[in-house]
Amino acid sequence: MKKIAINAHKAVLTFAAWGWPILLLDFASGAYKSPAPWADWINTAAFIWVLSAPAWPATLVLDRARRERVMARLCGLREDDERERAVTGDAARSALLLSLALQSLMLVMTMTSVRVVYDPEIKETKKGMLSVGMGFSSNKHLNPFGSPLDDEDRAPRGVSAGGYLLSPACFPVLALLILIQLAAFRAYAGRRYEGTEA
């Protein structure tokens with residue numbers, strides 16, 4: 001039974017790795033809206049690929065040996081001795097700090113807005129205005145499906161351009177990524193420390 005499960009898992013991973021051209025063929029040929037029998041086969045195969053695609057990230061999360069092999073191929077990591085493990089640990093820590101810094105910067109950008117307004121009807125010398133603001137709104141920043149427009153966004157006075165530096169809909173995704181990275185790093189590091197103490 002275990003051997004059957006392993007072979008099925010390998011088959012799913014192989015199809016997920018090499019079956020993506022079927023999805024492109026499905027969209028390029030319009031098979032998803034064609035009543036022809038061949039189109040039905042292509043559409044079914046594309047749907048099976050969509051179902052099997054999450055197997056790769058799930059496997060990388062759960063299978064430590066496969067994860068380390070993939071990292072070794074992608075990043076050229078080798079952990080044959082203690083010195084190489086120390087170098088890998090320093091690189092992983094630096095990469096984590098860099099990604100957290102970039103994600104924190106993007107998180108701030110979702111709350112920063114820039115607006116330029118020019119109203120030719122104003123008779124004073126200052127006809128334009130540049131405003132930079134920062135704010136948090138639960139309607140905008142906690143809604144991953146988009147945010148409603150403010151009144152000033154719907155009907156700007158004069159000529160107006162601007163908005164958030166990054167869409168507020170990205171805020172929950174970025175915040176979740178930061179929390180997951182911190183929790184995963186602490187969990188993996190704690191497990192390694194427990195292993196060394198044993």
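Among the helices (runs of 4 or more DSSP H) lying completely within the stretch 89-198, list those that include at least 2 residues that are modelled with pLDDT of 80 or more. It comes to 171-197. Residues in the stretch 73-81: is at least one under 26 Å from I180 (Cβ atoms), free of Cβ contacts under 8 Å to residues at least 24 places away in the same chain, surrounded by 10 or more Cβ atoms within 10 Å (Cβ to Cβ) and over 21 Å from the mean Cα position of the chain (by Cα)? Yes; the residues of the stretch 73-81 include at least one that is under 26 Å from I180 (Cβ atoms), free of Cβ contacts under 8 Å to residues at least 24 places away in the same chain, surrounded by 10 or more Cβ atoms within 10 Å (Cβ to Cβ) and over 21 Å from the mean Cα position of the chain (by Cα). If you go through the stretch 43-59 and keep only what is within 22 Å of the chain's Cα centre (by Cα), within 11 Å of F15 (Cα to Cα) and free of Cβ contacts under 8 Å to residues at least 40 places away in the same chain, you end up with W49, V50, L51, A53. Taking the stated definitions as given, is P37 outside the structural domain of L165 (by TED's automatic domain parsing), loosely packed, with under 13 Cβ neighbours inside 10 Å and under 30 Å from F171 (Cβ atoms)? Spelling it out, it is not the case that P37 is outside the structural domain of L165 (by TED's automatic domain parsing), loosely packed, with under 13 Cβ neighbours inside 10 Å and under 30 Å from F171 (Cβ atoms).
The values are calculated or read from the model by the stated rules, or taken from the named source; none is laboratory data. Here the structure is a predicted model, which means the values were calculated and not measured. For neighbour counting, all protein chains shown are included, and Cβ atoms are generated from backbone atoms with ideal geometry for every residue, glycine included.
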